[in-house]
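First the structure, in the form of structure tokens, and then the observations on it.
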Amino acid sequence: MEHDPARRIFHAWPDEIPSVLVLHVAGEIDLMTAPCLKLHVDQLIGRGLPIIVDCSELRYLDLAGIHALEDCHQRAEQAEQRLLLVGSTPLVHNIFVITQLNQRVPLFDTMGEALTAAGQEETGAS
Amino acid sequence: MTQTVTLHFDAEPMLIRVVRKQAAAAATALGATEQRAGSIELAVGEALSNAYVHGYGRASGPIELEIAYEGHTFGITIHDTGRGLPTFPASLNPRDGGRWGLQVIHELMDDAVLCPGPSGVGTTVRMSIRLSGETEEISNAHRFRREPWWQ
């Protein structure tokens, strides 16, 4: 629905990278848009590959978004997939640290580091 | 002299977004750095989300938000008339019983307290943060031109 305001505030798009599922997220994740994040990650769960959520273009993330990411991480683990986070602006990084999400969900500075970690997990699992 | 702006609106997700951005814009206009304005936006967003989710049970309800600026201190007071809390924590530090949303506010702001609303109805969150010295430079520049700094 084009008139859904959440779609103007939050954008997510998948990327085709061999052996890894990448979801780029941009804009703002708050009470209004956190359910959209879950819907996008849901589409990647059950596909058997590590999921990287790229937050480098995320401008705003509040506790509703933290809970959504944590929920996505748990559901991915239940499906025996790893969920990794990459990149964050200073404000987003701040809330990762305050809520200690970075201690529960792997967080990498760059996509390269996350891809390497995801690849190593795949190699280790096979 | 304290300068204040008061907003009245209903707690609902789109308006929460609008108002948190207004608070950040006000801080920026007063000389806040991008980082501090971002912290204010997040702290205000969390306080308003708490009112919407916990105070009003994810239903719309009236909010009064006051921004007060004095002596480089940017203060925000948020009142809701929701169901309040059975007990109010001594501070917003989680070690004193604060919850995560409140801890986020505690970490982002210089000072923050949670207390019963006026006449014991609802909840009031008061928070403040000192803006950087940039404000003083702006203020002095305008004083030199003998104009009120906010014009």
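Taken together, the values in this text are just the output of simple stated rules run on the coordinates, not laboratory data. Owing to the predicted nature of the structure, the values given are computational and were not obtained by experimental measurement. A quick note on method: Cβ atoms are made from the backbone with ideal geometry, for glycine too, and the neighbour counts reach across all protein chains shown.
The table that follows gives values for the structure above.
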| read-out | value |
| --- | --- |
| Distant-in-sequence amide H partners of A:Ile17 (H built 1.01 Å from N, under 5 Å) | A:Val22 |
| Between the range B:1-80 and the range A:24-45, the alpha-carbon center distance in angstrom | 24 Å |
| Rounded if a/c under 1.5, otherwise prolate or oblate - the range A:1-113, Cα gyration tensor axes | rounded |
| Sparsely packed GluC sites (Glu not before Pro) within the range A:1-103, loop by DSSP, other Cβ within 10 Å at most 14 | A:Glu2, A:Glu80 |
| Beta bridges by DSSP in chain A, antiparallel share as percent, to the nearest 5 | 35 percent |
| Chain A: most fluctuating residue of A:Ser56, A:Ser88, A:Ser19 per GNM, C-alpha cutoff 10 Å | A:Ser19 |
